[in-house]
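Let me begin by presenting the structure, written as structure tokens, before commenting on it.
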Amino acid sequence: MYSIRMSTQDRLIESTRELLWERGYVGTSPKAILERAGVGQGSMYHHFHGKPDLALAAIRRTCEELRAAAQSVLEGPGTPYERIRAYLERERDVLRGCPVGRLTMDPDVVANEDLRAPVDETIAWLREQLARIVEEGQEQGQFARTLDAREIAATVLATVQGGYVLARASGSPAAFDSGVRGLLSLLRPAS
């Protein structure tokens, strides 16, 4: 399943990331991780202190990937509106849901301060990046100065996360796409 060049530690982390996304923390057993990674039990305990330690490494990597993907479009070319649009319209597996957002729905992750911390930090980082872009758009006259940049950033995040939920519930990405189009029409600068 994994490249022969991938280290055992990376195979364990990648397996855990996938299983957390698919099954949640409780549903991700050490046995399932080992089977998916194609490694023995000794390998897991050689690299990690146990399931919580491995889950934390997997969650951190998931958060790092989300940040990198978001950063590439938010710091890319274009006006502030175009960069927010690029973020909202970037390619996603909408029906699978957000790997970070889904962690917020996992009671075992939310209850564990260590596991929750990278999720909280990533969401806060994303909110700050979006607010900064809205403020930039306000300075350029693209967005109304009466807008609260932090509230708009929260609205963008809520649209994305809510769009995932609606798409999964309906079994169609159309609900996600509709929410994105609606928000973009509200943010669209006046010509």
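Observations on the model:
- Residue satisfying condition, being closer than 17 Å to ILE123 by Cα and among the β-branched types (Val, Ile, Thr), within set VAL94, VAL100: VAL100
- Residue count for region 1-38 under the criterion of being among the acidic types (Asp, Glu) and either touching a Phe, Trp or Tyr at 6+ places or on another chain (Cβ under 7 Å) or not in a helix (DSSP H, G or I) (or both): the result is 1.
- Take the conditions (1) among the hydrophobic types (A, V, I, L, M, F, W, C); (2) open to solvent by 60 Å² or more (accessible area, probe 1.4 Å); (3) in a helix (DSSP H, G or I); ALA117 misses just one of them, which is (2).
- Taken together, the criteria exclude ARG150 from residues that are closer than 20 Å to GLU65 by Cα, touching a helix residue (DSSP H, G or I) at 6+ places or on another chain (Cβ under 7 Å), without any contact (Cβ under 8 Å) to a residue 24 or more places away in the chain and in a helix (DSSP H, G or I).
- Region 39-108 holds helices (runs of 4 or more DSSP H) entirely within its bounds, and those carrying 2 or more residues that are at pLDDT below 90 map to 41-47.
- Taken residue by residue, region 60-72 has no member that is within 22 Å of the chain's Cα centre (by Cα) and over 24 Å from ARG96 (Cβ atoms).
- Filtered residue count, region 51-79, keeping only those that are crowded, with 17+ Cβ neighbours inside 10 Å and over 25 Å from ASN112 (Cα atoms): 3
- The residues of region 128-147 that are in a helix (DSSP H, G or I) and of a type in the set (Val, Ile, Thr), listed by number, are ILE133, VAL134.
- Pairs are defined by a Cβ separation below 7 Å, a sequence spacing of at least 6 or placement on different chains, a first member in region 163-191 that is under 14 Å from ARG85 (Cβ atoms), and a second member that is open to solvent by 90 Å² or more (accessible area, probe 1.4 Å); the pairs so defined are GLY179/LEU166; VAL180/GLU89.
- Residue list for region 104-122, filter: touching a Leu at 6+ places or on another chain (Cβ under 7 Å) and within 24 Å of ALA167 (Cβ to Cβ): VAL109, VAL119, THR122
- Selection over region 166-191 of residues that are in a loop (DSSP other than H, G, I, E, B) and more than 21 Å from the chain's Cα centre (by Cα) gives a count of 4.
- Residue list for region 148-162, restricted to those being open to solvent by less than 50 Å² (accessible area, probe 1.4 Å) and either hydroxyl-bearing (Ser, Thr, Tyr) or more than 14 Å from ARG85 (Cβ to Cβ) (or both): ALA149, ALA153, ALA154, LEU157, THR159, GLY162
To keep it simple, each residue is scored yes or no on (1) more than 18 Å from GLU121 (Cα to Cα); (2) touching a residue at least 24 places away in the same chain (Cβ under 8 Å).
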residue	(1), (2)
LEU19	yes, no
VAL26	yes, yes
ALA32	yes, no
ARG36	yes, yes
HIS49	yes, no
LEU54	yes, yes
ARG60	no, yes
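- Taking (1) free of Cβ contacts under 8 Å to residues at least 40 places away in the same chain; (2) charged (D, E, K, R); (3) open to solvent by less than 20 Å² (accessible area, probe 1.4 Å) in turn, ARG83 satisfies each apart from (1).
The values are calculated or read from the model by the stated rules, or taken from the named source; none is laboratory data. Predicted model only: the values in this text are computed from it and were never measured. Counting neighbours? That spans all protein chains shown, and the Cβs are built from the backbone with ideal geometry, glycine included. Each accessible area value is taken on the protein alone, full model and side chains, heavy atoms only, with ligands, DNA and RNA left out. Shrake-Rupley method; radii C 1.70, N 1.55, O 1.52, S 1.80 Å.
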